[in-house]
Amino acid sequence: MEQIAGPEYSYLRQLVFDVSQNVLDASRDYLFDTRLTKVLRNQGMTRLDELVHKLRAQKNSALERDVAEAMTINETSFFRDLRPFDLLRQELLPKIIEARRFHRTLRFWSAACATGQEAYSVAMMLLEHFPMLVGWKFVIEGTDICSEVVQRAQAGRYHRIEINRGLPARFVVRYFDHVGEDWTVKPEVRKLCNFRQANLCGTSLPFNRATDSFDVIFLRNVMLYFDQPTRRTLLAGIHRVLAPDGILFLGSSEQPADLSLWTPILSGGTCYFRPRQPS
Ligand SMILES: C[S@@+](CC[C@H](N)C(=O)[O-])C[C@H]1O[C@@H](n2cnc3c(N)ncnc32)[C@H](O)[C@@H]1O
């Protein structure tokens with residue numbers, strides 16, 4: 001049953017947009033009723049109108065963040081969509097490895113990493129298929145706006161159901177420890193990945209060109225929550241922190257808003273993007 005009226009829902013929608021740039025559709029306002037239950041409980045409240053009243057009465061950035069984070073959709077899985085990982089392994093990484101043979105460092109960024117499966121998939125792929133890279137430095141960064149999922153990523157602990165989605169059995173045996181109903185990534189996988197909270201749509205990206213240049217960036221299944229101007233700004237920032245010969249993966253239904261910055265390349269049944277350089 002609707003707990004608040006239309007203007008209050010639109011207030012919450014605007015608040016979420018202001019904090020995370022996520023555009024929520026009015027037809028799905030009912031999601032506030034279910035997703036904000038925990039925020040209400042933490043505030044000692046039972047009704048959404050009390051929460052809206054408190055938010056309106058006085059600026060409370062922490063509470064605004066809690067509301068925006070609670071409305072994020074954190075769906076992910078190990079080796080999600082598989083094809084980008086197969087393409088990386090078979091075709092793209094061997095070329096990047098050749099190009100980095102003197103520097104001996106590979107840098108990946110799982111932007112909007114949710115609970116970390118994408119980053120850990122990269123780590124496992126490197127350990128499994130590129131054993132010849134002993135002595136190389138692997139940097140795998142995972143960032144997400146939602147602190148709760150970042151903590152889960154840091155813990156690297158997954159329920160059987162999450163493990164059963166997309167992970168080959170031999171990977172489970174080789175790279176996870178069984179702890180009760182859960183599985184925890186082994187330290188050798190865990191130590192390759194760094195996770196932290198970061199807003200992709202804040203005043204600046206969590207990485208900068210001067211110190212961080214990534215070989216591969218995964219920006220998958222997050223742009224669909226943003227409007228066109230936000231996507232445009234974000235992709236211009238991503239372009240700045242991607243190596244000139246680097247690779248960008250978007251979600252299978254996502255496209256860069258500004259194709260003047262990117263060359264789409266179809267290969268291995270998927271699409272990836274190369275940064276165009278100013279001529
Ligand atoms: C559907 S998940 C995608 C996870 C992963 N990239 C994948 O494709 O499996 C979307 C993630 O984007 C995050 N997100 C939404 N808005 C964000 C923002 N402004 N900055 C950083 N992360 C954001 C959400 O918290 C959520 O974990």
Practice problem: Kindly express, to the nearest 10 degrees and within the range 0 to 90, the angle between helix 6-20's C-alpha long axis and the longest C-alpha principal axis of the chain. | Solution: 30 degrees
Exercise. With θ set to phi - 60°, apply the Karplus curve 6.51 cos²θ - 1.76 cosθ + 1.60 along the stretch 173-182 and write out the HN-Hα couplings as whole Hz, x wherever there is a Gly or Pro.
Key: 5, 7, 10, 10, 9, 8, 10, x, 7, 10
Quiz prompt | Rounded tilt (10° steps) of 48-57 against the dominant C-alpha axis of the chain | solution = 90 degrees
Quiz prompt | Angstrom value of the Kirkwood radius, inverse mean 1/r, which spans all Cα pairs in the stretch 6-70 | solution = 11.7 Å
Exercise. Quick one: work out Rg over Rh on the C-alpha atoms of the stretch 83-275, Rh as Kirkwood radius.
Key: 0.95
Quiz item: If r is the Cβ-Cβ distance from Arg240 to Ile265 and R0 is 25 Å, what FRET efficiency results, to the nearest 0.05?
Solution: 0.80
Practice problem: Let me know the whole percent of all Cα-Cα pairs from the stretch 55-184 that are separated by more than 21 Å. | Solution: 49 percent
Self-check item: Whole-percent pair-distance distribution, where bins are 5 Å wide, for the alpha carbons of the stretch 142-198
Solution: 4, 19, 26, 24, 18, 7, 1
Self-check item: R0 of 22 Å, Cβ-Cβ distance His159-Leu133: FRET efficiency to nearest 0.05
Solution: 0.10
Quiz prompt | Table column - 3J(HN,Hα) (Hz), the stretch 262-269, Karplus curve with 6.51, -1.76, 1.60, x for Gly and Pro | solution = 9, 9, x, 10, 8, 6, x, x
Practice problem: Could you give the size of the charge dipole of the stretch 83-275 about its Cα centre, using +1 on the Cβ of each K and R and -1 on the Cβ of each D and E, expressed in debye and rounded to the nearest 20? | Solution: 400 debye
Quiz item: Asp18 versus Arg89, label points 7 Å from Cα toward the beta carbon: distance in nm?
Solution: 4.7 nm
Quiz item: Among Phe102, Ser20, Cys113, whose Cα sits farthest toward the positive end of the charge dipole of the chain (+1 at Cβ of Lys/Arg, -1 at Cβ of Asp/Glu, about the Cα centre)?
Solution: Phe102
Quiz item: Which whole-number percentage describes the relative contact order of the chain, with Cα contacts under 8 Å and a sequence gap of 6 or more?
Solution: 17 percent
Quiz item: Roughly how tilted is helix 228-241, in degrees to the nearest 10 and between 0 and 90, from the longest Cα axis of the chain?
Solution: 30 degrees
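Values quoted throughout were computed directly from the atomic coordinates according to the rules given, and no laboratory measurement underlies them. Everything numeric here is computed off the predicted structure, so don't read it as measured data. When we count neighbours, we look across all protein chains shown, and the Cβ atoms used for this are built from the backbone with ideal geometry, even at glycine.
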